[in-house]
Amino acid sequence: MAEVENIKRISLEHNDQRRGTVSIATTHTQARYVLPPVIKQFIVRYPDVALHMHQGSPVQIAELAAAHEVDFAIATEAMELFDGLVMLPCYCWNRCVIVPPEHPLTKLKKLTLAAVAECPLVTYVFGFTGRSQLDEAFHREGLAPRVVFTATDADVIKTYVRLGLGVGIVAALASTILPKMLI
């Protein structure tokens, strides 16, 4: 009976594109920093469309998309791990280093990956928000960084950087609220 109701709902949505539901899966960083103005515009433009957001890791997001549990997914990694998903790039993902204002890295004339690798790092869990590309960058330079703390949420990472646990590496768009910590 549930499938019959789903078919009826889908049929109604296709008949009236200004009504219905849209379900997306995304990471915390996308949900927190990228999507708010987009979602606001969407809701203003389509007030009769219910928007449902599911947050998770890139692998969880890809699994939801592959299982057709969401209409689309927005993530930085893991989509290529699933056959049947089409990836459409929408912008470049950049990272930045965040430290408290008094940190020794702020005294350097030029920040290098080698200098960052000498410090304890606080960053994303592997396979999350571009972390594998970061690991590859260190590896290419022959560096073995010491990651002391990982999290899936940029806000959590920033909290632990403030506590002095280490140098943070986060998505650049997540750093905009910490201009005094950026180098």
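The values are calculated or read from the model by the stated rules, or taken from the named source; none is laboratory data. Here the structure is a predicted model, which is why all the values come from computation and not from measurement. FYI the Cβ positions are ideal-geometry reconstructions off the backbone, even for glycines, and counts take in every protein chain you see. For the accessible areas, the whole protein counts, side chains as well, though only heavy atoms, and no ligand, DNA or RNA atoms are used. Shrake-Rupley method; radii C 1.70, N 1.55, O 1.52, S 1.80 Å.
Quick look at the values:
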| read-out | value |
| --- | --- |
| 14 Å beta-carbon shell around residue 146, net charge (K/R +1, D/E -1) | -2 |
| Total formal charge among the other residues, if their Cβ is under 15 angstrom from that of residue 173, Lys/Arg +1 and Asp/Glu -1 | +1 |
| Packing-based ranking, highest mean first, of 142-152, 107-117 given that Cβ atoms within 10 Å are counted | 142-152, 107-117 |
| With DNA, RNA and ligands ignored, accessible area of residue 91 (1.4 Å probe; Å², nearest 10) | 100 |
| Dipole in debye (nearest 20) - region 20-110, about Cα centre, beta carbon charges: Lys, Arg +1; Asp, Glu -1 | 740 |
